[in-house]
Amino acid sequence: MKKINFKSKFKKFSDKWSPKVIEEMNDYQFKIAKIKDDFTWHSHPETDETFIVIEGTMGIEFENETIELSEGEMLVIPKGTRHKPFAEHEAKIMLIEPKGVVNTGDTINEYTAKNDQWI
C-alpha cells in the first residue's frame with residue numbers, strides 16, 4: 001500500500017489529453033490527465049468510462065446534450081456512448097477504466113496517447 005498525492009503527481013507532467021496511470025485496482029486503472037480545448041468524438045464500445053474533476057471545470061458533449069462538470073464532480077459514461085470532452089481552461093481530471101483502454105476509444109488520430117504510461 002502506498003499513499004498517492006494528486007498534486008505531486010500532476011506536477012510531473014504538462015502535456016494535455018495524455019492520461020497517466022497512478023494506481024491499479026483489480027483490472028482497473030486510475031489515470032490522471034490535464035485537459036484543455038476540444039478533444040475528439042469517440043466511444044468505448046467495451047466499457048463504461050468515469051470522469052472525475054479534481055481541479056477546474058470541463059464539459060462533455062453528447063449527441064443530444066452537453067454536461068458540465070465542476071471540481072469535485074464525476075460522471076460515468078455508459079459503454080458505446082459517443083462523447084467529446086472539452087475544457088475552456090486547463091482542468092485536472094481522473095479517469096477510471098479497465099487496463100488497456102485507449103483514450104480515444106474507437107477513434108485513432110493525433111489525440112491517441114500511448115497506453116499504460118505510469119508516473
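None of the figures in this text is laboratory data; all of them are computed from the coordinates on show. Predicted model only: the values in this text are computed from it and were never measured. Because the Cβ atoms are built from the backbone with ideal geometry, glycine has one as well, and the counts that use them run over all protein chains shown.
Helices in the chain, meaning DSSP H runs of at least 4 residues, each add -39500 (n - 2.57). Divided by all residues, the mean residue ellipticity at 222 nm is -1000 deg cm²/dmol. Residues 101, 76 in ascending order of nearby Cβ atoms (within 10 Å, fewest first): 76, 101. Applying the criteria of a DSSP loop state and at most 10 other Cβ atoms within 10 Å to the GluC sites (Glu not before Pro) of the stretch 38-91 yields 63, 65. Here the Karplus curve 6.51 cos²θ - 1.76 cosθ + 1.60, taken at θ = phi - 60°, turns the phi angles of the stretch 66-71 into couplings of 10, 10, 8, 10, 10, 3 Hz, with x standing for Gly and Pro. Loop-located trypsin sites (Lys or Arg not before Pro) in the stretch 30-100 (DSSP state not H, G, I, E or B) with no more than 15 neighbouring Cβ atoms inside 10 Å: 79, 82, 99. Ordered by the number of other Cβ atoms lying within 10 Å of each residue's own Cβ, fewest first, 22, 119 fall into the sequence 119, 22. In this structure the amide hydrogen of residue 29, modeled in the peptide plane, comes within under 5 Å of the amide hydrogens of 97, 99, none closer than 5 places in sequence on its chain.
Annotated for the stretch 13-98: lysine pairs at least 8 residues apart or interchain, Cα distance under 14 Å, count 11.
Per-residue Cβ neighbour counts within 10 Å put 6, 51 in the sequence 6, 51, beginning with the fewest.
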